[in-house]
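Asks: Below is a structure I'd like to ask you about.
Please treat every number below as a calculation from the coordinates, not as lab data. In this text the structure is predicted, and so the values were computed from the model without any measurement. Backbone-built Cβ (ideal geometry, glycine too); neighbour counts: all protein chains shown.
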Amino acid sequence: MRTGSGIDTVSWAEQLDARSCVLLRLGDRRFALAADQVSELVAPSRMFRFAHRTPGIDGVILRRGRVVPVCDIAERLIGKRLTSRRYYLISKRRQEAATDWIALPVSGDCELIQADLTAAGPSDSPHVAAWLSHDGEVIEVLNLGALTPGMEPMEGGAGSAALPEAQA
Amino acid sequence: MRFEPVHKTPAVRTEQIILFRSSNQIFAISSASVQEVRSVDSLAGASMDIDEAGVPKVRHLLKRGERSVYVVNAALHFGLRPSPAALIFLLRKTRVGLLIDGIEKMTTMTRLQALSPAFCHEERVWYRGLTVLDQNVIPVVNPQGFLTEQELLQLDAAAGAVLEAPAACAPEVGLTP
């Protein structure tokens, strides 16, 4: 089984049984994140902007005394930025032993579900870590490492995804 | 009789900073890294023009003894809209004079937060980190981050040509160190 560097090696079966995921909405579409990558959902707050050169980072917000960068992933996933009132989904990114936080603007409330996951295949986009089915809808489980800046690419293109790619 | 040692609460470490404006944005810099604050007017006769295409943010240099100090336009350095500048920070231990719009105030910061790894371009050299003052997030600049070694080499080469120019150019005026 291929895993990215920094990810504990566990069996394929253990990874792909029922997992807790958080459903999030971007515009009219729903996506999912592994629940252990989600810290909290917060109401919109003031965003601070300052000069920088990293594409994809809009600014930062203050949350519990911590400065958290805001990254609008909607443009990459649905083709347009979120313009309506939005919440911030504070997500955790892990690489090796380090964890940092990033705020993802989302369109509305999020939902915690249990779902069986299917690992992403070699033909899937890099931002897809896995797939799940919920309420008759097939939903992409997102790979934050491929969607947000500052994460080094990992073997198999899994980025910081907690779900390894499966070998046929 | 044994007395328990008294554990004193460690004093909060503070750092004096200067909040300054460039192109309507606020930045912070450690007070200790600023050697002098001069007005643009006071240095008008002491600066020489320099034109190095590879470093457009530097258009003037000052001679301080044997050293050339390059005046970096802060707005251009940060990629902001150019704005009328009134002051120059002459920075310690660098060959940089920072051209800014003005000073907001002097204050202290108690906590410097590292930039998130999500910021992964030039800003990691520009800034020491971020601080929060009165519920505002302010970037704290790195005094060493205004000119790279390569830019200094380019500027030194251009400055050599300027300083060797005939006396028809503006005369050198040595500044008090």
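Asks: What nm value, rounded to one decimal, do you get for the distance between B:N136 and B:A32 when each label is placed 7 Å out toward the C-beta?
Replies: Going from the B:N136 label point to the B:A32 one covers 2.5 nm.
Asks: For a quick check: sort B:L80, A:L33 by the number of other beta carbons within 10 angstrom, fewest at the front.
Replies: The order, fewest Cβ neighbours first, is B:L80, A:L33.
Asks: Using the count of nearby Cβ atoms within 10 Å as a rough guide to exposure, how do A:C21, B:C120 rank from fewest to most?
Replies: Numbers: A:C21 26, B:C120 19.
Fewest-to-most ranking of A:C21, B:C120: B:C120, A:C21.
Asks: Give the range of the longest stretch in chain B that excludes all trypsin sites (Lys or Arg not before Pro) found in loop regions by DSSP and having at most 10 other beta-carbon atoms within 10 Å.
Replies: On the way: sites that count: B:R2, B:K8, B:R13, B:K93.
Longest site-free region, per DSSP loop and neighbour criteria: B:94-177.
Asks: Additional query: Based on Cα positions only, what radius of gyration and what Dmax would you give for the range B:1-126, in angstroms?
Replies: My reading of the Cα-based Rg and Dmax gives 19.2, 77 Å.
Asks: Separation between the A:E137 and A:I78 pseudo-spin-labels, each 7 Å from Cα along Cα→Cβ, expressed in nm?
Replies: In this crude label model, A:E137 to A:I78 measures out at 1.0 nm.
Asks: FRET efficiency for A:R66 and B:V40, Cβ-Cβ distance as r, R0 = 41 Å, nearest 0.05?
Replies: 0.60
Asks: Measuring from centroid to centroid over Cα atoms, what is the spacing of the range B:69-112 and the range A:31-62 in Å?
Replies: Using only Cα atoms to place each centre, the spacing works out to 29 Å.
Asks: Still on this model: Once the Cα atoms of helix B:149-163 and of chain B are each reduced to a long axis, what angle between those two axes, in degrees from 0 to 90 to the nearest 10, is obtained?
Replies: 30
Asks: Defining a contact as two alpha carbons under 8 Å apart and six or more residues distant in sequence, what relative contact order in percent does chain B show?
Replies: Numbers: 306 pairs, mean separation 46.5, N = 177.
With pairs under 8 Å counted, the relative contact order is 26 percent.
Asks: Which order results if B:T94, B:T110, B:T131 are arranged by neighbouring Cβ count within 10 Å, fewest first?
Replies: Fewest to most other Cβ atoms nearby, the residues stand as B:T110, B:T94, B:T131.
Asks: Tell me, what is the Rg over Rh of the range B:65-112, with Rh the Kirkwood radius over Cα pairs?
Replies: Expressed as Rg/Rh, it is 1.04.
Asks: May I pose another question? Restrict the search to the range B:32-130; then list the GluC sites (Glu not before Pro) that DSSP places in a loop and that have at most 10 other Cβ atoms within 10 Å of their Cβ.
Replies: Working: sites: B:E36, B:E52, B:E66, B:E104, B:E122, B:E123; in loops: B:E52, B:E66, B:E122.
The qualifying sites are B:E66.
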